[in-house]
Amino acid sequence: MTGSKSAGVDTTKPSIARVYDALLGGTDNFAADNAVVEHLAETLPEISEVARINRAILGRGVRYLAGTAGITQFLDLGAGLPTMENTHQVARSLQPEAKVAYVDFDPIALAHGRALVEHSEGTVVVAADLRSPAEVLADPAVAQTIDFSQPVAVMLVGILHHLHDDEDPAAIVDSYLSAVPSGSHLFITHFCDSGPEARALEKSFLEFLGTGRFRTHEEVLGLFRGLELVEPGLAYLPEWRPTDGAPGELTITQRLMIGGIARKP
């Protein structure tokens, strides 16, 4: 896609959702987004693998939530552009009546998301900023889709690392968790400060995209405070309930993200 404006979108500035789309080999991105990918690849040539690993755990996580945990409601925050195995598709393969509210503020992500769910009853795409939980929770489409008296899966997959420390991601998580009842679950994946390579990549993210905090294991674990982590706890993504056996010794790339799911008691 080319040009400086498209459907009111400033394509001269990179977007988190579109950079992620480019990393996954999608076509809904622009020169500014691809420039970020090129800069990131200078630091880590295998950067696209990180995006694919994160996308793969979304499917495994939703299967756990809908299957083992029996969750039928999903609040997918910072959902990004649709791709293979989206949350509602995976959830409904196990829970046919599952309801999903996707939340994002990227105009292109919203347009494609709405097209995807146009004929999917019980699924909505909401234009809102996840950094404003009160706004998200009060949105009429969210309120009509999600019954907050029943367990909800609150999903923050690959997004909290794009919040700066002064935006207090822990407080944002707490706000969403305070709105859902016992039996709800929190699903987070996050960049991990696992070594010098991670810190070099963080520098590139911050320089060329403006966001991308690689937090320590302890910092990410703090986001699950007061909750009960399910096995295997907070883990590198390839080690979180792999479907094709233990991954063996992990590469640097495979150690760049961690994630987990926890239950609200």
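Descriptive notes on the structure:
- Search result, residues across the range 200-230 that are over 19 Å from residue 175 (Cα atoms), crowded, with 17+ Cβ neighbours inside 10 Å and either of a type in the set (Lys, Arg) or in contact with a helix residue (DSSP H, G or I) (Cβ under 6 Å, 6 or more places away or on another chain) (or both): 201, 204, 208, 209, 212, 213, 214, 215
- Residue pairs whose Cβ atoms lie under 8 Å apart, sitting 6 or more positions apart in sequence or on different chains, and linking a residue in the range 177-196 that is free of Cβ contacts under 8 Å to residues at least 60 places away in the same chain to a partner that is outside any strand (DSSP E or B) and among the polar types (S, T, N, Q), are 193/216.
- Complete set of residues in the range 96-123 that are closer than 14 Å to residue 145 by Cβ, among the aliphatic types (A, V, I, L, M), free of Cβ contacts under 8 Å to residues at least 40 places away in the same chain and in contact with an Asp or Glu (Cβ under 9 Å, 6 or more places away or on another chain): 103
- All positions within the range 41-74 that are within 23 Å of residue 19 (Cα to Cα), part of a helix (DSSP H, G or I), in contact (Cβ under 8 Å) with a residue 24 or more places away in the chain and more than 15 Å from the chain's Cα centre (by Cα): 42, 43, 47, 48, 49
For (1) touching a Leu at 6+ places or on another chain (Cβ under 8 Å); (2) closer than 18 Å to residue 237 by Cα; (3) basic (Lys, Arg), each residue gets a yes or a no:
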| site | (1), (2), (3) |
| --- | --- |
| 17 | yes, no, no |
| 32 | no, no, no |
| 55 | yes, yes, yes |
| 66 | yes, no, no |
| 107 | no, no, no |
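- Any hit, the range 58-71, residues being at pLDDT 95 or above, out of contact with any His (no Cβ under 9 Å at 6 or more places or on another chain), under 20 Å from residue 214 (Cα atoms) and not polar (S, T, N, Q): yes
The values are calculated or read from the model by the stated rules, or taken from the named source; none is laboratory data. Just so we're clear, the structure is a prediction, and the values are computed from it rather than from any experiment. Positions of Cβ are backbone-derived with ideal geometry, glycine not excepted, and every protein chain shown enters the neighbour counts.
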